[in-house]
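Novice: Below is one structure. I have some questions about it.
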Amino acid sequence: VNRIFDSRTASFREAHAIGQHGNYIALQDGCGIQIWDLTYVLNPIQVTRFCMDGYSHDDYGSAWSLFWQAPYIYIGKGSGGFDVVDASDIENPVLVNNITDQSNVGSIFAIGNLLFTGANNGRTGYGIFDISDPVNPVKINSGSTKNLYSIFVNGNRIVTSNRHSSRKFNFFDVFSFNDPVAAIANNKFRFVEKLDQLYSSTQDNFIFQGCLEDVYKIDAT
């Protein structure tokens, strides 16, 4: 019903995740994020383009992924860790913290009082943070998996996508959200004979792995 393609969208980056709150969405920009009002889909309104230090308009230096757990937006910024933005005033968001306890952050998911981060671009590492104080995340657990490109979190599962020669992804059970320090339980390797597993998603007991030219559907019952 509509398509916006103009000077406002020229600085968009890959939308590895789109944050949503009410009729608003947050999108990746080469200098940070943009927030748009989609109340009237035939006339979307750019509410703000919010630029911050430490971002660049390239594949891994821009805002790579984000998660909007209102009023806060958590933004993965690669080698810069992740930013915490207070969007209580949607027209005037404020950068309130930058966290570098995780050396590289691409994927990011806020679920209740827990925040999950995963490295991108073939690097190593993921983290679990306590965000009971949303402005001051505290790392409570971390893990290592090689050639990590992205993670997906749903319910009590962390699914990783690994690129290059590993030909596998990792499957972790977060078995207790009440005891997140002991969160990492089962490290199970599921082999798929395809290089460059880059992105994944889950629904019910199925995992979908995006592998460049192919998509694999895996029964993880």
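The values are calculated or read from the model by the stated rules, or taken from the named source; none is laboratory data. Note that the structure is predicted; figures quoted are calculated from it, not measured. Every residue, glycine as well, gets a Cβ built from its backbone with ideal geometry; the counts of neighbours run over all protein chains shown. Only protein heavy atoms, including side chains, enter the accessible area calculation; ligands, DNA and RNA are left aside. Shrake-Rupley method; radii C 1.70, N 1.55, O 1.52, S 1.80 Å.
Novice: Which one of these is farther than 22 Å from Gln28 by Cβ and either assigned to a loop (DSSP other than H, G, I, E, B) or aliphatic (A, V, I, L, M) (or both): Ile128, Ile108?
Specialist: Ile128
Okay, residues lined up against (1) modelled with pLDDT of 95 or more; (2) assigned to a loop (DSSP other than H, G, I, E, B); (3) surrounded by fewer than 18 Cβ atoms within 10 Å (Cβ to Cβ):
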site	(1), (2), (3)
Ser7	yes, yes, yes
Glu14	no, yes, yes
Leu27	yes, no, no
Leu42	yes, yes, yes
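Novice: I'm trying to understand the selection: among the residues of region 136-153, which are at pLDDT 85 or above, outside any strand (DSSP E or B) and either of a type in the set (D, E, K, R) or within 23 Å of Ile18 (Cβ to Cβ) (or both)?
Specialist: If the condition is that a residue be at pLDDT 85 or above, outside any strand (DSSP E or B) and either of a type in the set (D, E, K, R) or within 23 Å of Ile18 (Cβ to Cβ) (or both), then Pro137 is the only one that fits.
Novice: Take the residues of region 76-102 that are buried (at least 16 other Cβ atoms within 10 Å of the Cβ) and of a type in the set (S, T, N, Q): which is nearest to Asp29 (Cα to Cα)?
Specialist: Looking at residues that are buried (at least 16 other Cβ atoms within 10 Å of the Cβ) and of a type in the set (S, T, N, Q), I get Asn97.
Novice: If only one of Thr48, Thr9, Thr117 is among the polar types (S, T, N, Q) and free of Cβ contacts under 8 Å to residues at least 24 places away in the same chain, which one is it? Lay out the reasoning, then the answer.
Specialist: On the way: Thr48 fails: free of Cβ contacts under 8 Å to residues at least 24 places away in the same chain; Thr117 fails: free of Cβ contacts under 8 Å to residues at least 24 places away in the same chain.
After ruling out the rest, the residue left standing is Thr9.
Novice: Aromatic (Phe, Trp, Tyr), within 22 Å of Pro134 (Cβ to Cβ), assigned to a loop (DSSP other than H, G, I, E, B) and open to solvent by 20 Å² or more (accessible area, probe 1.4 Å): which single residue out of Tyr60, Tyr55 fits that description? Even if it seems obvious, please write down each step before you answer.
Specialist: On the way: Tyr60 fails: within 22 Å of Pro134 (Cβ to Cβ).
Exactly one of Tyr60, Tyr55 is aromatic (Phe, Trp, Tyr), within 22 Å of Pro134 (Cβ to Cβ), assigned to a loop (DSSP other than H, G, I, E, B) and open to solvent by 20 Å² or more (accessible area, probe 1.4 Å), namely Tyr55.
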